[in-house]
Amino acid sequence: MARFAPLGQGRTLRRQGAFIQSQEVWPKIASEMVSLLTRGSARALALGLMAAALTACASTPAPISAGALGRGGNIAGLPTPPFDYDAPPRVTDPNARLQCVPFARNASGIEIYGDANTWWRQAEGRYPRSSSPAPGSVLVTRGFNNPGRGHVAVVTHVESSRIIRVDQANWLNRGEVSMGVPVIDVSPNNDWSQIRVWHIPGGHWGGRVYDAQGFIHPFTLMAELRS
(Lines give C-alpha, C1' and ligand atoms only; values in the text may rest on other atoms or scores of the structure.)
Protein backbone atom coordinates (compact mmCIF):
# COMPACT_ATOMS: atom_id res chain seq x y z
CA MET A 1 0.00 0.00 0.00
CA ALA A 2 1.26 3.49 -0.75
CA ARG A 3 0.61 6.67 1.16
CA PHE A 4 1.61 10.28 0.90
CA ALA A 5 1.36 13.12 3.36
CA PRO A 6 1.47 16.87 2.91
CA LEU A 7 3.98 18.35 5.28
CA GLY A 8 2.37 19.46 8.49
CA GLN A 9 0.02 16.48 8.85
CA GLY A 10 -0.39 15.84 12.55
CA ARG A 11 1.04 19.23 13.51
CA THR A 12 0.43 22.88 12.84
CA LEU A 13 1.70 23.98 9.46
CA ARG A 14 4.43 26.56 9.77
CA ARG A 15 3.41 28.02 6.44
CA GLN A 16 -0.05 28.06 4.90
CA GLY A 17 1.14 28.05 1.29
CA ALA A 18 -1.08 27.84 -1.77
CA PHE A 19 -0.07 24.21 -2.24
CA ILE A 20 -2.60 23.12 0.40
CA GLN A 21 -5.48 25.01 -1.20
CA SER A 22 -7.89 23.64 -3.80
CA GLN A 23 -6.76 24.91 -7.20
CA GLU A 24 -6.60 23.62 -10.77
CA VAL A 25 -4.03 20.85 -11.22
CA TRP A 26 -1.09 21.52 -13.49
CA PRO A 27 -0.77 18.35 -15.63
CA LYS A 28 2.93 18.96 -16.29
CA ILE A 29 3.77 18.47 -12.61
CA ALA A 30 1.70 15.29 -12.56
CA SER A 31 3.61 13.80 -15.49
CA GLU A 32 6.95 14.68 -13.92
CA MET A 33 5.91 13.11 -10.64
CA VAL A 34 5.04 9.84 -12.40
CA SER A 35 8.58 9.62 -13.76
CA LEU A 36 10.00 9.63 -10.24
CA LEU A 37 8.46 6.35 -9.14
CA THR A 38 9.50 3.36 -11.19
CA ARG A 39 8.90 0.43 -8.84
CA GLY A 40 5.39 -0.95 -8.57
CA SER A 41 1.87 0.30 -9.18
CA ALA A 42 1.47 1.29 -5.52
CA ARG A 43 4.21 3.85 -5.88
CA ALA A 44 2.72 5.17 -9.11
CA LEU A 45 -0.61 5.59 -7.35
CA ALA A 46 1.00 7.50 -4.49
CA LEU A 47 2.74 9.81 -6.93
CA GLY A 48 -0.45 10.45 -8.84
CA LEU A 49 -2.18 11.47 -5.63
CA MET A 50 0.65 13.81 -4.74
CA ALA A 51 0.57 15.36 -8.18
CA ALA A 52 -3.12 16.08 -7.74
CA ALA A 53 -2.29 18.12 -4.66
CA LEU A 54 0.51 20.10 -6.30
CA THR A 55 -0.80 23.19 -8.04
CA ALA A 56 0.23 26.26 -9.96
CA CYS A 57 -1.78 29.36 -10.70
CA ALA A 58 -0.73 30.50 -14.17
CA SER A 59 -0.36 29.00 -17.62
CA THR A 60 0.24 31.96 -19.94
CA PRO A 61 3.94 32.48 -20.78
CA ALA A 62 5.41 35.86 -19.97
CA PRO A 63 6.43 37.77 -23.11
CA ILE A 64 10.14 37.26 -23.59
CA SER A 65 12.21 37.76 -26.72
CA ALA A 66 14.35 34.93 -28.07
CA GLY A 67 17.42 37.17 -27.76
CA ALA A 68 16.97 37.32 -24.01
CA LEU A 69 17.12 33.55 -23.54
CA GLY A 70 20.16 31.54 -22.54
CA ARG A 71 23.34 32.40 -20.73
CA GLY A 72 24.33 35.17 -23.12
CA GLY A 73 20.84 36.63 -23.46
CA ASN A 74 20.21 40.36 -23.55
CA ILE A 75 18.65 41.58 -20.30
CA ALA A 76 16.94 44.39 -22.22
CA GLY A 77 14.71 41.78 -23.82
CA LEU A 78 13.33 40.58 -20.50
CA PRO A 79 9.87 41.70 -19.39
CA THR A 80 9.32 43.78 -16.29
CA PRO A 81 7.90 41.40 -13.69
CA PRO A 82 4.38 42.01 -12.39
CA PHE A 83 4.60 43.69 -9.01
CA ASP A 84 2.20 43.60 -6.13
CA TYR A 85 2.29 47.30 -5.30
CA ASP A 86 1.19 46.57 -1.75
CA ALA A 87 4.08 44.16 -1.34
CA PRO A 88 6.85 44.88 -3.90
CA PRO A 89 10.19 43.01 -3.94
CA ARG A 90 11.83 44.12 -0.71
CA VAL A 91 14.33 43.37 2.01
CA THR A 92 12.16 42.92 5.08
CA ASP A 93 14.89 42.27 7.63
CA PRO A 94 18.39 43.50 6.77
CA ASN A 95 19.74 42.34 10.14
CA ALA A 96 18.29 38.83 10.28
CA ARG A 97 21.71 37.16 9.99
CA LEU A 98 20.11 34.15 8.37
CA GLN A 99 21.43 31.67 5.87
CA CYS A 100 19.17 30.47 3.07
CA VAL A 101 18.85 26.89 4.37
CA PRO A 102 17.23 27.47 7.79
CA PHE A 103 14.96 30.11 6.27
CA ALA A 104 13.77 27.80 3.47
CA ARG A 105 13.33 24.87 5.84
CA ASN A 106 11.21 26.92 8.24
CA ALA A 107 9.16 28.63 5.50
CA SER A 108 8.44 25.48 3.47
CA GLY A 109 8.32 22.80 6.14
CA ILE A 110 10.71 20.64 4.09
CA GLU A 111 12.88 18.88 6.67
CA ILE A 112 16.24 18.84 4.92
CA TYR A 113 19.43 19.90 6.66
CA GLY A 114 22.93 20.58 5.40
CA ASP A 115 24.36 22.86 2.76
CA ALA A 116 22.07 24.14 0.00
CA ASN A 117 24.18 22.36 -2.63
CA THR A 118 23.12 19.02 -1.07
CA TRP A 119 19.35 19.62 -0.97
CA TRP A 120 18.54 18.26 -4.43
CA ARG A 121 20.38 15.02 -3.74
CA GLN A 122 18.98 14.69 -0.24
CA ALA A 123 15.41 15.15 -1.49
CA GLU A 124 15.63 12.11 -3.76
CA GLY A 125 13.22 9.44 -2.49
CA ARG A 126 11.95 11.72 0.28
CA TYR A 127 10.17 14.54 -1.54
CA PRO A 128 8.83 14.93 -5.08
CA ARG A 129 11.17 16.86 -7.38
CA SER A 130 10.29 18.45 -10.70
CA SER A 131 11.13 21.21 -13.15
CA SER A 132 7.76 22.90 -12.62
CA PRO A 133 7.29 25.56 -9.94
CA ALA A 134 4.36 25.53 -7.54
CA PRO A 135 3.61 27.76 -4.55
CA GLY A 136 5.26 26.29 -1.46
CA SER A 137 7.97 24.44 -3.38
CA VAL A 138 11.67 25.14 -2.91
CA LEU A 139 13.77 26.31 -5.84
CA VAL A 140 17.26 24.78 -5.70
CA THR A 141 20.03 26.71 -7.43
CA ARG A 142 23.58 25.53 -7.89
CA GLY A 143 26.76 27.49 -8.52
CA PHE A 144 25.67 30.41 -6.35
CA ASN A 145 28.65 32.78 -6.08
CA ASN A 146 31.03 29.92 -6.91
CA PRO A 147 30.65 26.37 -8.30
CA GLY A 148 30.76 24.81 -4.82
CA ARG A 149 27.84 26.78 -3.42
CA GLY A 150 24.09 26.48 -3.77
CA HIS A 151 21.00 28.43 -2.80
CA VAL A 152 17.44 27.56 -1.84
CA ALA A 153 14.39 29.85 -1.99
CA VAL A 154 10.68 29.30 -1.36
CA VAL A 155 8.20 29.90 -4.18
CA THR A 156 5.30 32.10 -3.11
CA HIS A 157 3.65 32.97 -6.43
CA VAL A 158 3.65 31.58 -9.98
CA GLU A 159 3.10 34.60 -12.21
CA SER A 160 3.45 32.73 -15.51
CA SER A 161 5.32 29.81 -17.00
CA ARG A 162 8.42 32.03 -17.03
CA ILE A 163 8.16 34.15 -13.87
CA ILE A 164 7.77 33.26 -10.21
CA ARG A 165 8.24 35.13 -6.95
CA VAL A 166 10.21 33.77 -4.03
CA ASP A 167 11.03 34.52 -0.41
CA GLN A 168 14.65 33.90 0.55
CA ALA A 169 17.50 34.71 2.89
CA ASN A 170 21.08 35.80 2.30
CA TRP A 171 20.82 36.26 -1.47
CA LEU A 172 22.77 39.50 -1.16
CA ASN A 173 25.29 37.80 1.17
CA ARG A 174 24.34 40.01 4.09
CA GLY A 175 22.17 37.59 6.06
CA GLU A 176 19.07 39.57 5.05
CA VAL A 177 15.53 38.27 4.40
CA SER A 178 13.99 39.22 1.03
CA MET A 179 10.33 38.80 0.12
CA GLY A 180 8.44 38.75 -3.16
CA VAL A 181 11.60 38.52 -5.28
CA PRO A 182 10.92 37.85 -8.99
CA VAL A 183 12.81 34.99 -10.65
CA ILE A 184 12.65 34.46 -14.41
CA ASP A 185 13.32 31.31 -16.40
CA VAL A 186 15.63 32.15 -19.30
CA SER A 187 16.27 28.59 -20.43
CA PRO A 188 15.64 28.11 -24.16
CA ASN A 189 13.27 25.20 -23.48
CA ASN A 190 11.37 26.85 -20.62
CA ASP A 191 12.45 24.04 -18.29
CA TRP A 192 13.70 26.25 -15.42
CA SER A 193 17.28 25.07 -15.81
CA GLN A 194 18.63 28.64 -16.20
CA ILE A 195 17.35 31.61 -14.22
CA ARG A 196 17.92 35.26 -13.47
CA VAL A 197 16.96 36.85 -10.15
CA TRP A 198 15.60 40.37 -9.63
CA HIS A 199 18.21 42.67 -8.10
CA ILE A 200 16.33 44.58 -5.38
CA PRO A 201 18.93 47.33 -4.74
CA GLY A 202 19.14 48.23 -8.44
CA GLY A 203 15.54 47.49 -9.39
CA HIS A 204 16.44 45.36 -12.43
CA TRP A 205 17.09 41.79 -13.49
CA GLY A 206 20.41 40.43 -12.27
CA GLY A 207 23.25 40.23 -14.75
CA ARG A 208 24.18 36.66 -13.94
CA VAL A 209 22.44 33.50 -15.15
CA TYR A 210 22.28 30.74 -12.54
CA ASP A 211 21.85 27.00 -13.08
CA ALA A 212 18.77 25.64 -11.33
CA GLN A 213 18.37 21.98 -10.42
CA GLY A 214 14.60 22.23 -10.04
CA PHE A 215 11.87 22.39 -7.43
CA ILE A 216 11.39 20.28 -4.31
CA HIS A 217 7.72 19.95 -3.42
CA PRO A 218 6.56 19.91 0.22
CA PHE A 219 5.07 16.43 0.37
CA THR A 220 6.79 13.52 2.06
CA LEU A 221 7.08 10.24 0.18
CA MET A 222 5.81 7.47 2.41
CA ALA A 223 5.34 4.66 -0.06
CA GLU A 224 5.21 1.05 1.11
CA LEU A 225 5.18 -1.91 -1.26
CA ARG A 226 3.26 -4.90 0.01
CA SER A 227 2.70 -8.16 -1.77
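The values are calculated or read from the model by the stated rules, or taken from the named source; none is laboratory data. Since we're looking at a predicted model, the values are computed, not measured. Note that each Cβ is placed from the backbone with ideal geometry, even for glycine, and that neighbours are counted across all protein chains shown.
A few remarks follow.
- Residue in the range 130-145 that is surrounded by fewer than 24 Cβ atoms within 10 Å (Cβ to Cβ), among the hydrophobic types (A, V, I, L, M, F, W, C) and farther than 28 Å from residue 78 by Cα present: no
- Exclusive hit being within 16 Å of residue 101 (Cβ to Cβ) and either out of contact with any His (no Cβ under 6 Å at 6 or more places or on another chain) or not assigned by TED's automatic domain parsing to the domain that holds residue 99 (or both), set 201, 188, 218, 133: 218
- Checked against (1) part of a strand (DSSP E or B); (2) out of contact with any Pro (no Cβ under 6 Å at 6 or more places or on another chain); (3) farther than 15 Å from residue 90 by Cβ, residue 167 meets all criteria but (3).
- Residues in the range 180-220 that are farther than 28 Å from residue 93 by Cβ and assigned to a loop (DSSP other than H, G, I, E, B): 7 in all.
- All conditions but one from (1) at pLDDT below 95; (2) under 23 Å from residue 70 (Cα atoms) apply to residue 224; the one that does not is (2).
Okay, residues lined up against (1) under 21 Å from residue 120 (Cα atoms); (2) surrounded by fewer than 20 Cβ atoms within 10 Å (Cβ to Cβ); (3) of a type outside the set (Lys, Arg); (4) out of contact with any strand residue (DSSP E or B) (no Cβ under 9 Å at 6 or more places or on another chain):
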site	(1), (2), (3), (4)
153	yes, no, yes, no
171	yes, no, yes, no
176	no, yes, yes, no
182	no, no, yes, no
208	no, yes, no, no
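- The listed residues are 137, 161, and the only one of them that is among the hydroxyl-bearing types (Ser, Thr, Tyr), at pLDDT below 95 and touching a strand residue (DSSP E or B) at 6+ places or on another chain (Cβ under 8 Å) turns out to be 161.
- Residue under evaluation residue 135, criteria (1) touching a helix residue (DSSP H, G or I) at 6+ places or on another chain (Cβ under 6 Å); (2) free of Cβ contacts under 8 Å to residues at least 60 places away in the same chain, criterion not met: (2)
- Residue list for the range 68-86, restricted to those being in a loop (DSSP other than H, G, I, E, B), in contact (Cβ under 8 Å) with a residue 40 or more places away in the chain and either closer than 16 Å to residue 195 by Cβ or not assigned by TED's automatic domain parsing to the domain that holds residue 202 (or both): 69, 70, 71, 73, 78, 79, 81
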